[in-house]
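Only one structure is covered here, and it is reproduced in the block below.
Every number in this text was worked out from the coordinates using simple rules, so none of it is lab data. Computed from a predicted structure; not experimentally measured. Quick reminder, even Gly has a Cβ in these numbers, built from the backbone with ideal geometry, and neighbours come from all protein chains shown.
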Amino acid sequence: MSGEFEDLRRRLEEISDELADLAIARLRDSIDAGGHELPVDEKILTRARRAVDKAADLLARRDRSSDSEES
């Protein structure tokens with residue numbers, strides 16, 4: 001089925017964007033507070049964003065392979 005996971009992939013991409021925004025906010029807060037090291041929250045948020053990006057990519061690959069099988 002073409003696009004079977006499209007909605008889920010799109011939602012994961014939105015979550016990834018939200019995680020990136022939160023990570024940037026943590027970095028800004030740290031800089032504004034005079035911090036010289038990366039905040040722990042930012043590192044966790046970045047790792048979570050990467051995991052979500054991988055999940056979205058897997059779903060996109062699944063849809064692409066389904067499309068080629070239907071051809």
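Below, the figures for the structure above:
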| read-out | value |
| --- | --- |
| The range 1-33: GluC sites (Glu not before Pro) in DSSP loop, at most 15 other beta carbons within 10 Å | 4 |
| Estimated vicinal HN-Hα couplings, Hz - the range 11-22 in sequence order (Karplus 6.51, -1.76, 1.60; Gly, Pro = x) | 5, 4, 5, 5, 4, 4, 4, 5, 5, 5, 4, 5 |
| Rounded FRET efficiency, nearest 0.05, which uses the C-beta distance separating residue 30 from residue 55 and R0 of 30 Å | 0.60 |
| From phi via Karplus (6.51, -1.76, 1.60), per-residue ³J(HN,Hα) for the range 40-48 in Hz, x at Gly/Pro | 4, 4, 4, 5, 5, 4, 5, 5, 5 |
